[in-house]
Every structure is written in C-alpha cells, then in structure tokens.
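Since the structure comes first, as structure tokens, the remarks are kept for the end.
The values are calculated or read from the model by the stated rules, or taken from the named source; none is laboratory data. Source: prediction; values computed, not measured. Cβ placement follows ideal geometry from the backbone for every residue including glycine, while neighbour counts extend to all protein chains displayed. SASA here: full protein model, heavy atoms, side chains in, ligands and nucleic acids out. Shrake-Rupley method; radii C 1.70, N 1.55, O 1.52, S 1.80 Å.
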Amino acid sequence: MAYRKPTIVLVHGAFADGSGFTAIVQRLVADGYPVVVAPNPLRGLSSDAGQLKALLNNIEGPIVLVGHSYGGAVISSAATGNPEVKALVYLAAFVPETGESVQELVEKFPGSTVGESLKPVPLPGGQVDLYIDPRVFHPHFAGDLPAEEAALFAITQRPATGAALGEPAAGPQAWHTIPNYNLISGADRIIPPAAQEFMAQRSGAKIQVVEGASHLVFVSHPAPTAALIEKAARETA
C-alpha cells in the first residue's frame, strides 16, 4: 500500500492567529503534505476543543495535530477518541493532565513573565479579554525575532479570555494514547523551559530543544519546527 501523507492540522495559541504558521505551511506544502490551519476561538478550553474536534471529524484520512502554547491544551482534548489522529506535536506548548489549567501550569515553575505582560480588557457580563501588552511583546513573547516583525505580531494578536486560560482540562487527555512530540523553546519567557520539560517528560514525548528560542519558536526557527512535524508524520504512518 502506498504511503498516504497525513493532513497536518496547525492550531495557534493565545495572543496569536494562524498567520504565524506561514513559513511552516510553505515548507509542509512544498513537501507534499495537505495542511489545515485551524481557527482557535480562544474563548474557553472546552468550547475551543469542541470546535476543533468538529473540524477533525470532517478531515478524511490520517492527521498529525500540532498545537502551539494554549493550542497544546486544545489539541490534547480535541484529539481524544479520534482514531485518525496519529500524532500530536507540541510547540512550546501546554500539555495538561485532566484537571490542570494553563494558568496553573505556567505558575508551576518560576521564570514566566506572562503575569506582568497581560493587558486586560473588561467585557460585558464580567468576563475579561487578555492581550500581551505591545510594549513588552518583543522581549517577553518574541525575543529572538527582529523588533519590526515582533511589532507586527503584537498588532495582529488575538486575545484569550481569562476563563479560557483558567479553565481546567476536562476528560481524558489524548497524549496518554497517541504518540507525541515536543519542541521546547530554550529561552522561553512565557512558558519556562523547565515547565515545558516537565510536561514533555510526563507525556512520554520525543523531545527536541531549540536553544535560545523564544515562545514564538515556530516563527523564529521554522526549519526545525517543520522537520519535527514531518518526523512525527513519517514515524506514525
């Protein structure tokens, strides 16, 4: 039987949108992979995962599911029970266990600047949208990118609700049963590298570290990022 390349589904995290995956998409498409950049509403972990799950159910054939940052928590839930998801790839991402929230995990180890970086915008009904303050976006979120490029990402960022970041992961987490790969950003100031290492080791991931990389490792280092995704695709075919 001929090898069928899986569809690569890319899920962005908080304070971002799908445009950050442009260089990754270009590489994957050039290598013959079907690619979908999934919209991530950033409104609530369970509702975000439910929307992704619906999208995955409408993709034919095998899938490699990739999540950055908060997107890691979303893919961990959305992939559960879907036999077509052959691998999970985490990029500087949260990999929660049932009952853990993104907020809890980011506070588990010292070194994160996320608390001091957030700029809240109150919403009707008492909820709050959270942005990374553009004044600190470059040093805290994207330190290994040129300042001009980081400024564009700061301008185009999408907020996450406080509820999404504080919502505990519910139900079985897919990394217990699906092979997973983890790209750790070695100079991350949002999710401390020690936290990333803890989550990657706990999930039994195949680990790769990009030394000196910021939280936007997939933007600053697209070649090793795409290579890890393709490795996951080949090894789980």
Going residue by residue through the range 19-36, the Karplus relation 6.51 cos²θ - 1.76 cosθ + 1.60 with θ = phi - 60° gives ³J(HN,Hα) values, rounded to whole Hz and with x marking Gly or Pro, of 5, x, 8, 3, 5, 5, 4, 4, 5, 5, 5, 4, 8, x, 8, x, 9, 10
In debye to the nearest 20, the charge dipole size for the range 6-112, taken about the Cα centre with +1 at each Lys and Arg Cβ and -1 at each Asp and Glu Cβ, equals 140 debye
Filtering trypsin sites (Lys or Arg not before Pro) in the range 80-154 by DSSP loop and by at most 15 other Cβ atoms within 10 Å leaves Lys108
Residues meeting the amide H criterion for Ala160 (H placed from the backbone, H to H distance under 5 Å, 5 or more places apart or on another chain) are Phe15, Leu130
Of the residues Val25, Val64, Pro39, the Cα lying farthest along the dipole of the range 1-92 towards its positive end, which is defined by charges on the beta carbon of Lys, Arg, Asp and Glu, belongs to Val64
Taking His221, His140 and ranking on accessible area (1.4 Å, protein atoms only), highest first, one gets His221, His140
Residues whose modelled amide H sits under 5 Å from the amide H of Ser101, counting only those 5 or more places away in sequence or on another chain, are Ala169
Calculated from DSSP helices alone, with each H run of at least 4 adding -39500 (n - 2.57) and the total divided by the residues of the chain, [θ]222 nm to the nearest 500 comes to -10500 deg cm²/dmol
The ³J(HN,Hα) series, computed from each phi in the range 180-190 with the Karplus coefficients 6.51, -1.76 and 1.60 at θ = phi - 60°, rounded to the nearest Hz and given as x for glycine or proline, is 9, 10, 9, 9, 9, 8, x, 10, 5, 10, 9
Whole-number value, in Å³ per residue, for the convex hull of the alpha carbons of the chain is 110 Å³
To the nearest 20 debye, the range 85-224 has a Cα-centred charge dipole, built from +1 on Lys and Arg Cβ and -1 on Asp and Glu Cβ, of 260 debye
Candidates Gln127, Gln208, Gln103; GNM for the chain (alpha-carbon contacts under 10 Å) flags as most fluctuating Gln127
Quick calc, Glu84 & Asp31: beta-carbon distance into FRET formula, R0 25 Å, rounding 0.05, result 0.80
Residue separation between Arg234 and Asn58 times 0.36 nm, minus their alpha-carbon distance, gives in nm 61.1 nm
Note, the range 122-131: 3J(HN,Hα) by Karplus (6.51, -1.76, 1.60, θ = phi - 60°), whole Hz, Gly/Pro = x, goes x, 10, x, x, x, 7, 9, 8, 10, 10
Computed about the Cα centre, the charge dipole of the chain from +1 Lys/Arg and -1 Asp/Glu charges at the Cβ has a magnitude in debye, to the nearest 20, of 460 debye
Rounded to whole Å², per residue accessible area for the range 123-237 with a 1.4 Å probe reads 42 Å²
Heavy-atom accessible area of the chain with neighbours in place, 1.4 angstrom probe: carbon+sulfur share in percent works out to 58 percent
XL table Lys53/Lys86; Lys86/Lys206; Lys5/Lys231; Lys53/Lys206; Lys108/Lys231; Lys53/Lys108; Cα-Cα > 19 Å flagged, in table order, is Lys53/Lys206; Lys108/Lys231; Lys53/Lys108
Once Lys and Arg are counted +1 and Asp and Glu -1 for all other residues with Cβ under 15 Å from that of Thr236, the total becomes +3
Counting only protein heavy atoms and leaving out ligands, DNA and RNA, the solvent-accessible surface of Arg189 at a 1.4 Å probe, in Å² to the nearest 10, equals 100 Å²
